[in-house]
1. About the Cα centre of the range 435-558, how large is the charge dipole given +1 on each Lys and Arg Cβ and -1 on each Asp and Glu Cβ? Please answer in debye to the nearest 20.
2. Rounded to two decimals, what is the ratio between the C-alpha radius of gyration of the range 505-550 and 2.2 N^0.38 Å?
3. Leaving ligands, DNA and RNA out of it, report the carbon-plus-sulfur percent of the accessible area of the range 359-408 at a 1.4 Å probe.
4. Tell me the carbon and sulfur percent of the accessible area for the range 462-605, rounded to whole percent, probe radius 1.4 Å.
5. Whose amide H sits under 5 Å from the amide H of CYS165, counting only residues 5 or more places off or on another chain, with H placed in the peptide plane?
6. Report, in degrees rounded to the nearest 10, the 0 to 90 angle that the Cα long axis of helix 318-351 makes with the longest principal axis of the chain.
7. Relative contact order, percent, of the chain when contacts are C-alpha pairs under 8 Å separated by at least 6 residues?
8. What number, in percent, do you get for the relative contact order of the range 182-340 if the mean sequence gap of Cα pairs under 8 Å and at least 6 apart is divided by its residue count?
Amino acid sequence: LPSPIPWSLTQPVTPDLLVSPSSQDGDLGSECPEDRGNWTGRLDFLLSCIGYCVGLGNVWRFPYRAYTNGGGAFLVPYFIMLAICGIPIFFMELSLGQFSSLGPLAVWKISPLFKGVGMGTILIVSLVAIYYNMIIAYVLFYLFASLTSDLPWQHCGNWWNTDLCLDHHVIKAGNNTLPVNISNTVSPSEEYWSRYVLHIQGSSGIGDPGRIRWNLCLCLLLSWTIVYLCILKGVKSSGKVVYFTATFPYLILVMLLIRGVTLEGAWKGIQFYLTPQFDHLLSSKVWIEAALQIFYSLGVGFGGLLTFASYNTFHQNIYRDTFIVTLGNAITSILAGFAIFSVLGYMSQELGVPVNQVAKAGPGLAFVVYPQAMTMIPLSPFWSFLFFFMLLTLGLDSQFAFMETIVTAVTDEFPYYLRPKKASFSAVICIALFLMGLILTTEGGMYWLVLLDDYSAGFGLMVVVISTCLVVTRVYGMKRFCRDIHMMLGFKPGPYFRACWMVLTPATMMGLLVYNIVKYQPSEYGNYRFPTWAEVLGILMGVLSCLMIPMGMVVAVLQEEGTLWERVQQASRPAMDWGPSLEENRTGVYVASLAGSQSPKPLMVHMRKYGGITSYENTAIEVDREMEEEDEEESM
């Protein structure tokens, strides 16, 4: 035989990230990380995480939550909960993804008995992706509506306005009349939102969706098309789009902030936002609200962080990235509060009413109050366009993450069939979710959106996060998990992370879960109360994601052999091929456990390829030595 053939057989089957695709050999191509895709630039991962975490909630939930829960004093529980819940879970998710290079389903090779946790995650993310893109569709609608010299929600007298409509110039003259949230008058922006955009008067409730609003339907189609084109090539394409979508909102936010603080009465709003009321800290509700804000703002439990980290190189410094993203996210929320409340302060002065009567959260702020404030500022269409363009970029990169999570999770389960057809598979998922979201474009679609928002990612998401935390620390083992991180980063997590993972984080999350169940309140939209069947449907959405866990356990146990207890034990142990995806990163217990592995000493392979021993190889040798010493102690 010619000499190159046996030489090629001695090479590791799975090539390193530094090897070009043209130099791959072996016919196990679909198991190569190149085929799976990797970040192509140094900042792709970091910007994707920032774009994913910094979303609509930072603008429309945080400022409102801060002012209702003690103003500046809210920052105390906020940062404490960030330290106890946010940062540890964030780092755990990134570590799991980067160590295994697997999506949120396949990562459960760590303990196949709990694969149902991954299934629950995918169900939650799918439901959230359906309604999140509808919010982006509303933003697109307003974005197009801002391309005019006179904003359509500026005055009354349009066909959708009623006799109750009163615009702010008249309100200012009449001084005692209140603009929003009062029975006898309604602002033009509120009627534009409810009667023109939603056309909610065409529906009597959630059971009567009415007709499809075709302009909303086209906006939804456009938003799905944008998302699909951006995730077409996986992280290779979305990783480049985030250079714009993750950074541009900051530019607009600073512009809105400068414009806001220069308005008359802005200080009134900022004072209202930040005046500390320390007596609120004695209330458990404030601490719960802080934890919820951290939990949803960082996007833990949705699988997005794990998915993004799975496209990293094995030694990427995710420890540093964790602190950059989590603290950056918190600072963005605080900054957004200044931009929002400075404008609300000006608006309250213009209308002659207290700030708390114009302040709102959620869609009410984005589509009613802020657009109304824009009509009071010179060059209103320009500022309106900027505001909605910021919301669009904030929403899009979060949606990229949801879609990448779903696609990655399923393609990692069926790499041979789906990975070569990833673009087509992404199209199928986008079309399916678009069709499911069509009910949200009807006249009663807002009721369905509220139902999805309230229940899809409520207690089910908390159960998923608690389960992940407990499985990694109790079933897989804290010692083993810390050793994996040591292999990957060159150091073990300190006592702060270990204490949070073992006790503080799961205990806090369980407290949150119990509080959510005890303080359960039925959904409502304005004065509309949801019927019992809608409540039951909502609760079932949450319960279904939790039920995935026992269902997954049953499947895992049935696939094993022996008595029931033996089956449970076998199913809870890591799978044979669990570990780093590249052969040269597999040391100690992970040596030669890859399918088709031909090199018993990956470290030697690495040395032969790159020459010399780097600090990471030293770490690998240390980890191996530690494990050998532990084995000797056990045998003695």
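The values are calculated or read from the model by the stated rules, or taken from the named source; none is laboratory data. Here the structure is a predicted model, which means the values were calculated and not measured. Positions of Cβ are backbone-derived with ideal geometry, glycine not excepted, and every protein chain shown enters the neighbour counts. All accessible areas refer to the heavy atoms of the entire protein, side chains included, with ligands and DNA or RNA removed. Shrake-Rupley method; radii C 1.70, N 1.55, O 1.52, S 1.80 Å.
1. It works out to roughly 880 debye.
2. In units of the globular-protein estimate, the range 505-550 measures up at 1.41.
3. 84
4. Solvent-exposed carbon and sulfur of the range 462-605 make up 66 percent of the total.
5. Close amide H contacts, sequence-distant or interchain: VAL186.
6. Approximately 0 degrees, to the nearest 10.
7. 30
8. 24
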